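To keep things clear, I will list the structure first and then write my remarks on it.
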Amino acid sequence: MHPATRRAIFRRLQEANPSPTTELLYGSPFELLVAVMLSAHTTDRAVNAATRNLFPIAATPAAIVALGVEGVKPYIKPVGLYNTKAKNLVGLAQQLIERHGGEVPGTRAELEALPGVGRKTANIILNMVFGEVEIAVDTHIFRVANRTGLAPGRTPREVEQALTADTPAEYRKDAHHWLILLGRYVCIARKPKCPTCIIRDLCEYPHKTRATPARAAARRLPLPSRVRTRRGRRTR
């Protein structure tokens, strides 16, 4: 993709959404870390449904540890793989207390050492909490980057490297949010909504969804000149 095209894509995304952010609900760095960790292989809606109940009860590492694995499970049942995630959540909280004074650490190595935290989650925390220019690649961004031609890659890491290298500097900080929202609501997996996409003329996807032809005019009801009466006579 030509650099000018790439810049034009991000310019339009910025104009449409100048201050993008996550759709996960949170009130502190720890809550964001928990929400992002829980979001693996599930939707933000499911995570929000869980954390709406969990955070009023346990919004700190100490409170999570006090609940324990079995105590956490009922709160995160809306989330996929909740048994494993409950163990990871309590282990994560324990490590934050033991190694980081209960605070969310600010380095990739420290974040990725926490149970249930991988590169994608670390990138989001580094970006949103610590202001670092990191791009987290999930399934939506992987699809959008490959489909549009913004950053083709065979793996999420390749896509991340390409986006980091080629996204204009002024758009890099928010690129993750713009692309994930585009993939979640417009550039969807099965039938992308190309006719309504704001970057459709800049996108290099060769199999764009065509606009649905306008519906045929509503069928006209006949206006009969004769109406049959009960006795079978015809009148005008």
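Observations, loosely collected:
- Computed from label points 7 Å out along Cα-Cβ, the spacing between residue 12 and residue 45 is 2.7 nm.
- Counting protein heavy atoms only, the chain has 52 percent of its accessible area on carbon and sulfur, 1.4 angstrom probe.
- Over 31 Å between alpha carbons, listed pairs 85/208; 73/120; 87/120; 73/193; 120/208; 77/120: 85/208; 73/193
- Taking the chain as a Gaussian network of alpha-carbon nodes connected by springs under 10 Å, the highest mean-square fluctuation of the residues 201, 166, 138 belongs to 201.
- Distance-filtered residues of the stretch 84-99 - backbone nitrogen under 15 Å, label point 7 angstrom along residue 70 Cα→Cβ: 87
- One decimal place: the segment residue 100-residue 139 gains 11.0 nm when fully extended, by the rule 0.36 nm per residue minus the C-alpha distance.
- Label corresponding to percent of Cα pairs over 26 Å apart when calculated from the structure given, among (1) 49; (2) 35; (3) 42: (1)
- Against the main long axis of the alpha-carbon atoms of the chain, helix 82-100 sits at an angle near 40°.
- Largest GNM mean-square fluctuation among 172, 119, 210, using the chain with Cα springs under 10 Å: 210.
- Put a dot 7 Å past the Cα of residue 208, heading toward its Cβ, do the same for residue 108, and the two dots end up 3.6 nm apart.
- Estimated FRET transfer efficiency when R0 is 22 angstrom, pair residue 130-residue 21 (beta carbons, to 0.05): 0.90
- Heavy-atom accessible area per residue - the chain, 1.4 Å, Å²: 57
- Exposure ranking of 193, 208 by accessible area [1.4 Å probe, largest first]: 193, 208
- The chain: angle of helix 29-38 to the longest principal axis, Cα-based, in degrees nearest 10: 60
- Among 160, 132, the order of accessible area from largest down is 132, 160, computed with a 1.4 Å probe on protein heavy atoms.
- Full extension of the chain between residue 158 and residue 87 yields a length gain of 22.5 nm, computed as 0.36 nm times the residue separation minus the alpha carbon distance.
The values are calculated or read from the model by the stated rules, or taken from the named source; none is laboratory data. Please read these numbers as outputs of a predicted model, since none were measured by experiment. Please note: Cβ atoms are built from the backbone with ideal geometry, for glycine as well, and neighbour counts cover all protein chains shown. Keep in mind that these areas ignore ligands, DNA and RNA; they rest on the heavy atoms of the full protein, side chains included. Shrake-Rupley method; radii C 1.70, N 1.55, O 1.52, S 1.80 Å.
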